[in-house]
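Below is one structure, written out as structure tokens; the observations come after it.
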Amino acid sequence: MLEALHKFFDVFGASTVVPAMIFIVSLFLKVNPKKAFFSALRAGVGLTGFGWVISSFAPLVTKYIQQMVETTGLNLPIVDIGWQAGSLTAFSSEIGLSFFVFGLLIELGLFLVGITRVFVPSNLWNNFGYMVWGTMAYATTGNFALSFAFMVFVLLYSLVMSEVLADRWADYYGVKNATINSIHNIETLIPALILDPIWNMLGINKVKLNPESLKNKLGIFGEPMVLGFILGMIIGVLGSLKELGNFEAWGGILSFAVSLAAVMTIFPLITGVFASAFAPLAAAVESNKKKESESERKVDKKRWFIAVDDGVGFGEPATIIAGLILVPIMVFISLLLPGNKALPVVDLIAIPFMIEAMIAVTKGNILKAILNGIVWFSLGLYAASALGPIYTDAVQQFGAALPAGVTLIMSFNLLAHPLTAVVFFAWISGNPLYIGISIAVYLVSLFLLRTKRESIYSYLKTMADKNSGFDGSKEKILIGED
């Protein structure tokens, strides 16, 4: 059975599996079959578009980042080759495929008994994030039961974070009753919550740095497309410092700048198509609830959310601007950070996915997102440094051969997560005390969420509204029923 599943995903991939799941879930929620079909098709088109743009742009980013590193002469032995190797590894291991099958049943059970109000099966593909961590645990310990239990635990605490974020994410990104839940992107909620009071004390909540203010203050230079071109020029020049006297180098720099401008322009369009795939689902959730006034809805303890792919928010202007500004920043930090061994390369383009939680809870405050990213992703580099050898071993055991000349690999998107790294090491230690502490923290968090959810949502709204002058991007993804 597991071998058949492995072959199935090799043949069909995300652009087919995700639409199929959306179609099935839509019918389950009594969406009109025609709408369900178009939703599924839009999801496939959106995922294919994401794949085309990222696969075309990632090699360009990689080229200039590598040249930037060569210019410094520093050597970081753990190289980021992208999340794809982790996905392949997850779907190639027995432990990973076991979770894909039984994890789906667990997710349904958690939703039906009310432990979570997030319906995860609608975002089934991103289960590979849990599967990667379980595969690493199994490659390290050889303990199937422990590794499977660890994946279930990671699912549980990620669902707590997902539900805490849900109201803010749905409001900011304009997708009703929806939230993100993938473990490789939801964790950034933690620094956004912890650090926000500090940034407010420093007055950063009053700094009007969002797409709207950039356009008003900078004119055409505040347009995402122009910002992409400027950022592309900066990255290109920094990656070609030894060749700036070469005419051909400038051709490459300008070409890269135009490519980044294209990404900033095209990605929001693709995101719009992809996001529209979830509109009927979100509308179905709304229609299944009792008709109540807006004030009553705010205290709806039974409100539930559809889990959607992070790609829905990728192209939102504040998200992509802050994410792309963090690209060169994180490269420089990786070169200067004492004790760091990890070099982010291919997954740098995934940073906008990784900061959606930060953007949502700060109402599009680009400066806060950048600062939060610097702090958390710097800690993430240490996590990736510690996890790199384990990840490499798992990929070699269950995934694919390493690229020529590379001995240690990592995925910045999958591994640069301090909280999950700490939990991972606690569980693979097999120490009952460490595992018990992690479970106790989860249970307390779950209790607070189940008993104080509306108070938490009210607090997060108040926190977001402290960002004076920020109403969220006017270009955010507002989707309605067809």
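Over segment 68-194, accessible surface divided per residue gives 27 Å², non-protein components excluded, 1.4 Å probe. Between GLN397 and ILE115, the C-beta separation translates, for a Förster distance of 30 Å, into a calculated FRET efficiency of about 0.35. Placing +1 on the Cβ of every Lys and Arg and -1 on the Cβ of every Asp and Glu, with no other charges, gives segment 52-187 a dipole of roughly 140 debye about its Cα centre. In this calculation the C-beta distance from ILE266 to PHE144 is compared with R0 = 41 Å, giving a FRET efficiency of 0.40. Couplings 3J(HN,Hα) of segment 197-204, computed from phi: x, 5, 4, 5, 4, 8, x, 6 Hz, in residue order, whole Hz [Karplus 6.51 cos²θ - 1.76 cosθ + 1.60, θ = phi - 60°; x for Gly and Pro]. The distance between label points at PHE447 and LEU433 comes to 2.2 nm (points 7 Å beyond Cα on the Cα→Cβ vector). Quick one: if the Förster radius is 30 Å, what FRET efficiency do ALA440 and PHE37 give, using the C-beta to C-beta distance and rounding to 0.05? After rounding, the FRET efficiency stands at 0.05.
The values are calculated or read from the model by the stated rules, or taken from the named source; none is laboratory data. In this text, all values refer to a predicted model and were calculated from it rather than measured experimentally. Positions of Cβ are backbone-derived with ideal geometry, glycine not excepted, and every protein chain shown enters the neighbour counts. Only protein heavy atoms, including side chains, enter the accessible area calculation; ligands, DNA and RNA are left aside. Shrake-Rupley method; radii C 1.70, N 1.55, O 1.52, S 1.80 Å.
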